[in-house]
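The values are calculated or read from the model by the stated rules, or taken from the named source; none is laboratory data. Just so it is clear, the model here is predicted, and its values are computed rather than measured. FYI the Cβ positions are ideal-geometry reconstructions off the backbone, even for glycines, and counts take in every protein chain you see.
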Amino acid sequence: MRYITALAALPFALGAPTLNTRADAAAEAAPGKYIVVLKPDAPAPAAAPATGPGIMSTSAVAAAEKTHIYGVGNFKGFAASLTSVQLAALQADSTVAYIVTDKREAHTMDVSAADQAQWGRITSQANATWGLARISHRDAGTTEYRFAASAGAGTCAYIVDTGVYAEHPEFEGRATFLKNFATTATTDDNGHGTHVSGTIGSKTYGVAKKTKLFGIKVLDEYGYGAWSDIIAGIQYAVEDSKNRTEECPNGYVANMSLGGPRNQALNDVVKEAVEAGIFFAVAAGNEAVNTDASSPSSEPTAFTVGATDYQDQITSFSNYGWLVDGFAPGLDIESTWIGGPTATNIISGTSMASPHMAGLAAYLQGVYGQQDPAALALRIKSMSTVGKVKNIFPNTGTPNLLAFNGAL
């Protein structure tokens, strides 16, 4: 799974109006660019007066070039280019919770290049990808994908990634390139987002074959993006979902197969999006380390997904730890790709495991109806196959749970 560099946040003390300036030689800094997060009781940035009390009345801030204004639940703030004088003024402002440097640090996470009456009819797909077959059987070794015929109907999935090649016939007209926050073309010019979308909901390669897919582009053609753009993309998904209650009566899911160093701002906006009713599946990361130092995989309200191989072993690259919620297939996954109507690609990473789980969340809401994200996460865990994942790191709190769709 390639890391899609996006909103890289450096470590900082939550609630302290100070900027952590720990250098990261591997990250490409955006000089003078910051994400300013306000305290919950501070005036909303867009509504604060230009003069008088409040954060936006600070003359240095009023003159700043703002690229995004955020307001998702209690997560409020803005992204801006700041001079040292403006930065100092904000650090001293009592309404500021914290400030983080905006970096191109987030990246994709690929590594190679009920009862039966409620479930309704169970159907099957022969010669399915090994990942689909694995999540529909308790034991490995089959090539059949078994699933409820509802197949995620009435649900909508937001893919916060490199965009989606919506014209691919595998999407059957159910995919939309919704919004572009990256600086490159309004299309998926990388392929990663299209591959992820295909695993969630394409005709042949998808877990939830009737869900609607909405691509939000926050990463460029190289799979990298700014933290500020990723936060803006999440905010857009939340706002867009409010206008799709009739189109998505059975609920919403989102997938983020991207990540970077731990970023509290990104974690906080994911938390608010989950509280707004969107189930978030996120990739655990590909460094074979504890995922608690990465974002968004360290956000507890997100559903963090590690990767397994054909033999139910943790892949050599998958992150682990108590913040992982479960595992799904992530090695040599075939799915849709860019470049033409028959394009497919086989790639690996926790980027490929996460959309199996996002698709499963959409699929289960197609069966049971819309569910609160926490309740849906609990259902997924309670249905999971227990004890099959091999080579789990001891004494790390990593759960031995493998995704299962319940289609016995």
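Among the residues that make up segment 80-100, is at least one of them closer than 26 Å to Gly163 by Cβ, modelled with pLDDT of 70 or more and surrounded by fewer than 23 Cβ atoms within 10 Å (Cβ to Cβ)? Taking every residue of segment 80-100 in turn, at least one turns out to be closer than 26 Å to Gly163 by Cβ, modelled with pLDDT of 70 or more and surrounded by fewer than 23 Cβ atoms within 10 Å (Cβ to Cβ).
One line per residue, one yes/no per condition, for (1) farther than 24 Å from Ala328 by Cα; (2) basic (Lys, Arg); (3) assigned by TED's automatic domain parsing to the domain that holds Pro355; (4) in contact with a Pro (Cβ under 9 Å, 6 or more places away or on another chain):
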site	(1), (2), (3), (4)
Trp130	no, no, yes, yes
Thr142	no, no, yes, no
Arg146	no, yes, yes, no
Val160	no, no, yes, no
His168	yes, no, yes, yes
Asp189	yes, no, yes, no
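Among the numbered conditions (1) under 16 Å from the mean Cα position of the chain (by Cα); (2) surrounded by fewer than 19 Cβ atoms within 10 Å (Cβ to Cβ), tell me where Thr186 comes up short. For Thr186, the exception is condition (1).
For every residue, the table says whether it meets (1) farther than 21 Å from Leu219 by Cα; (2) crowded, with 24+ Cβ neighbours inside 10 Å; (3) not polar (S, T, N, Q).
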| position | (1), (2), (3) |
| --- | --- |
| Val270 | no, yes, yes |
| Phe280 | no, yes, yes |
| Gly339 | no, no, yes |
| Asn345 | no, no, no |
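If you check Lys203, Lys179 for being surrounded by fewer than 24 Cβ atoms within 10 Å (Cβ to Cβ) and in a loop (DSSP other than H, G, I, E, B), only one passes: Lys203.
Note on segment 217-234: residues that are in a loop (DSSP other than H, G, I, E, B) and either in contact with a strand residue (DSSP E or B) (Cβ under 8 Å, 6 or more places away or on another chain) or at positive phi (or both) total 4.
Condition check ((1) under 13 Å from Thr398 (Cα atoms); (2) in contact with a strand residue (DSSP E or B) (Cβ under 6 Å, 6 or more places away or on another chain)) across all residues:
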{"site": "Ala281", "(1), (2)": "no, yes"}
{"site": "Asn286", "(1), (2)": "no, no"}
{"site": "Asn290", "(1), (2)": "yes, no"}
{"site": "Ala293", "(1), (2)": "no, no"}
{"site": "Phe303", "(1), (2)": "no, yes"}
{"site": "Tyr310", "(1), (2)": "no, no"}
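Mind telling me which of the residues Gly131, Gly163 ends up being part of a helix (DSSP H, G or I), modelled with pLDDT of 90 or more, surrounded by 15 or more Cβ atoms within 10 Å (Cβ to Cβ) and not basic (Lys, Arg)? Break it down stepwise before answering.
Working: Gly163 fails: part of a helix (DSSP H, G or I).
Only one candidate passes the filter, namely Gly131.
What number of residues within segment 101-128 satisfy the criterion of being in contact with a helix residue (DSSP H, G or I) (Cβ under 8 Å, 6 or more places away or on another chain), buried (at least 24 other Cβ atoms within 10 Å of the Cβ) and either modelled with pLDDT of 85 or more or not charged (D, E, K, R) (or both)? Within segment 101-128, residues that are in contact with a helix residue (DSSP H, G or I) (Cβ under 8 Å, 6 or more places away or on another chain), buried (at least 24 other Cβ atoms within 10 Å of the Cβ) and either modelled with pLDDT of 85 or more or not charged (D, E, K, R) (or both) number 4.
To keep it simple, each residue is scored yes or no on (1) surrounded by fewer than 22 Cβ atoms within 10 Å (Cβ to Cβ); (2) outside any loop (DSSP other than H, G, I, E, B).
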| position | (1), (2) |
| --- | --- |
| Tyr310 | yes, no |
| Glu334 | yes, yes |
| Leu364 | no, yes |
| Gln370 | yes, no |
| Ala375 | yes, yes |
| Pro394 | yes, no |
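Please find, within segment 341-362, the residue that is farthest from Arg134 (Cα to Cα) out of those that are in a loop (DSSP other than H, G, I, E, B) and touching a strand residue (DSSP E or B) at 6+ places or on another chain (Cβ under 8 Å). Only one residue fits best here, namely Ala343.
Quick grid of which residues meet (1) within 30 Å of Thr142 (Cα to Cα); (2) surrounded by 23 or more Cβ atoms within 10 Å (Cβ to Cβ); (3) over 17 Å from the mean Cα position of the chain (by Cα); (4) outside the structural domain of Val238 (by TED's automatic domain parsing):
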site	(1), (2), (3), (4)
Ala288	yes, no, yes, no
Ser295	no, yes, no, no
Thr301	no, no, no, no
Val324	yes, yes, no, no
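Out of curiosity, is Ala237 part of a helix (DSSP H, G or I), farther than 19 Å from Gln371 by Cα and in contact with a Leu (Cβ under 9 Å, 6 or more places away or on another chain)? Steps first, please.
Working: part of a helix (DSSP H, G or I): yes; farther than 19 Å from Gln371 by Cα: no; in contact with a Leu (Cβ under 9 Å, 6 or more places away or on another chain): yes.
When the stated conditions are applied, Ala237 does not pass them.
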